Every structure is written in C-alpha cells, then in structure tokens.
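Student: Below is a structure I'd like to ask you about.
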Amino acid sequence: MNLKLENAYKEYSGVRVLDIDKLEFTEGKIYVILGSNGSGKSTLVNCIAGFNSFSGGSVLYNNECINYKIRNSISIMVQKPYLFNDTSLNNIVSGLKFRKISKNEIAERLERYLSYLDINELKHKKSKWLSGGERAKIALLRTAILETDLTLLDEPTASMDIESTINAEILIKSMSGGKRTIIIITHDVYQAGRIADYVLFMDKGKVIEMGLKDKVLKNPENNLVKQLMNMKI
Ligand SMILES: Nc1ncnc2c1ncn2[C@@H]1O[C@H](COP(=O)(O)OP(=O)(O)OP(=O)(O)O)[C@@H](O)[C@H]1O
C-alpha cells in the first residue's frame, strides 16, 4: 500500500489544526508519530481512517481517493476506544464477524493473536468490568486481528503496564512483517526507538521532522526536536 497526502489540512471554525504539505507512507513500514499535546496527531490518523474528515487537500491510497472499498483496508485503534457491552472475546472478533470472515479463520487468528497478550482471565469478562489497561489490550487485539494493509494506532500502550507494553510492541512489530503498514502515535520516545522504521515529529499541526528512526532520534535537524531529544532522561 502507498498513502500520499498533499496540502491536506483540517480546520475548526477557520482555525487550522492540521497542515500537511507532503507526506508519504509506504508498504511494510512502521511509522511512529511523536509530538506535543494538541499538535494534530490524532486529527491526522482520524482523518486518514475516515473517523474525521480533512477540510481540503489530496489524500491518495494506492493513487485512488479513499472510498468505501479502500476503508476496508484501513483499521484504527482510537485514543479512547469504545468497547461493545459484551465479553472481551466477542469484542475482539466483532470486526471479523462484521467482515464475514469464516469461523475457521477466526479461530486460527484468535489463537495466533491471543498468544501475544495474556488475556486468558479476561476472555469471558464483560467489557464494562475491564480496567483501563485491560480495555487497551482488547482494543489493540480487536484492531490487529483484522490484518488490514494499513493500521493506525493512537497511543495503544499509554495505559498498559511494562510487560504488556513490551508484548504489545512485539505484536505490533509482527503485524508489519511483510506488507502491512503501521502508523502509531506515542509520547514514549523509547518506544519509538524500539519499534519504528520511520519517526515523524509534529508541532502546531505540521510535520516538523520526518526520517529514519536513528536520524530523527539521534541527529534531528529541527531545533525544537533537537531540544526535546536532549531532554530525554
Ligand atoms: N472538534 C474540535 N473542535 C475544535 N478543535 C478541535 C476539535 N477536535 C480537536 N481540536 C483541536 O485540534 C488540535 C489537535 O488535536 P489532536 O487531538 O489532533 O492533538 P494530538 O496531537 O493528538 O494531542 P494529544 O497528544 O494531546 O493527544 C487541538 O488544539 C484540539 O483542541
């Protein structure tokens, strides 16, 4: 898959909160988006996924405008995931059932994906009883199991404990193996170092730095990114 944005922007009441000159995402790579609060990270992924809409500009997926058919190739775990009032397991497979995936295929994917995150005790629990980190694990599995060509993850591990975070990262890396592309938002620079191929840095709606992980994290060009990287503890 290839996703190209050009002059894509989002405005609320005339105020531009997202302003992308040119941005391209390519097949089989993990892109990590870092940046300050309110810099437009969620707006960007929500607009790509169709949860929100760009106010203008060009957004091409494999050289086509994003339409209903293409949306099936894109999945998103939003920042505050909504879980259905059902068991964890039913939440995880809900998207697959909606897409009419066969029972055998669902069983095979469940076995594969549940091996990454230990949710044995949560499987039959109703979502309303889950803790914040537990909800995040179910929401991540529900998104990952769809195996879409493009997966967008908005701070997927923000509420997870240390072990779950590392396991989630192993899952995320396995998802990208081969052709799938992952765009993930995080505030954890070390997480970016562990999983990214490319890192993007956003500020005030703009991408102020983008490049290979080592370049952006160790030798950035933008002054703000330089300052922030020097603040790392
Ligand atoms: N519906 C809305 N109406 C007006 N402003 C909005 C709306 N939704 C988002 N914004 C503004 O758009 C800007 C970008 O928000 P966004 O959620 O994309 O930031 P973010 O980089 O994901 O932040 P965080 O790191 O805090 O999650 C913010 O200033 C926010 O207040």
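Student: For region 181-233, please list each of the strands (runs of 3 or more DSSP E) lying entirely inside it that holds at least 1 residues being exposed (fewer than 15 other Cβ atoms within 10 Å of the Cβ).
Tutor: Fully inside region 181-233 and qualifying: 206-212.
Student: Scan region 61-71 and tell me whether some residue there is touching a Phe, Trp or Tyr at 6+ places or on another chain (Cβ under 9 Å) and at pLDDT 95 or above.
Tutor: no
Student: If you scan region 42-86, which residues turn out to be more than 16 Å from the ligand (Cβ to nearest atom), outside any strand (DSSP E or B) and not hydroxyl-bearing (Ser, Thr, Tyr)?
Tutor: Scanning region 42-86 gives 62, 63, 66, 67, 69, 70, 71, 72, 83, 84, 85, 86.
Student: Closer than 19 Å to residue 48 by Cβ, among the aliphatic types (A, V, I, L, M) and within 16 Å of the ligand (Cβ to nearest atom), is that true of residue 189?
Tutor: no
Student: Let me ask another. On the basis of being under 30 Å from residue 7 (Cβ atoms) and of a type in the set (Lys, Arg), does residue 206 make the cut?
Tutor: Judged against the criteria, residue 206 is a match.
Student: Can you tell me which residues in region 8-41 are near the ligand (Cβ under 8 Å from one of its atoms), over 24 Å from residue 173 (Cα atoms) and not polar (S, T, N, Q)?
Tutor: The answer is 10, 12, 15, 17, 18, 38, 40.
Student: Another question, if that's okay. Residue 152 versus (1) surrounded by 23 or more Cβ atoms within 10 Å (Cβ to Cβ); (2) away from the ligand (no atom under 16 Å from the Cβ); (3) within 27 Å of residue 11 (Cα to Cα); (4) not polar (S, T, N, Q): which is the lone unmet condition?
Tutor: Single failed check for residue 152: (2).
Student: Need the failing condition index for residue 91 against (1) within 16 Å of the ligand (Cβ to nearest atom); (2) on the phi < 0 side of the Ramachandran plot; (3) touching a residue at least 40 places away in the same chain (Cβ under 8 Å), just the number.
Tutor: (1)
Student: Can residue 5 be described as within 13 Å of residue 207 (Cβ to Cβ) and either within 12 Å of the ligand (Cβ to nearest atom) or surrounded by fewer than 18 Cβ atoms within 10 Å (Cβ to Cβ) (or both)?
Tutor: So residue 5 fails the test.
The values are calculated or read from the model by the stated rules, or taken from the named source; none is laboratory data. Bear in mind that the values here come from a model prediction, so they are computed numbers and not experimental data. So basically every Cβ, Gly included, is an ideal-geometry build from the backbone, and we count neighbours across all protein chains shown.
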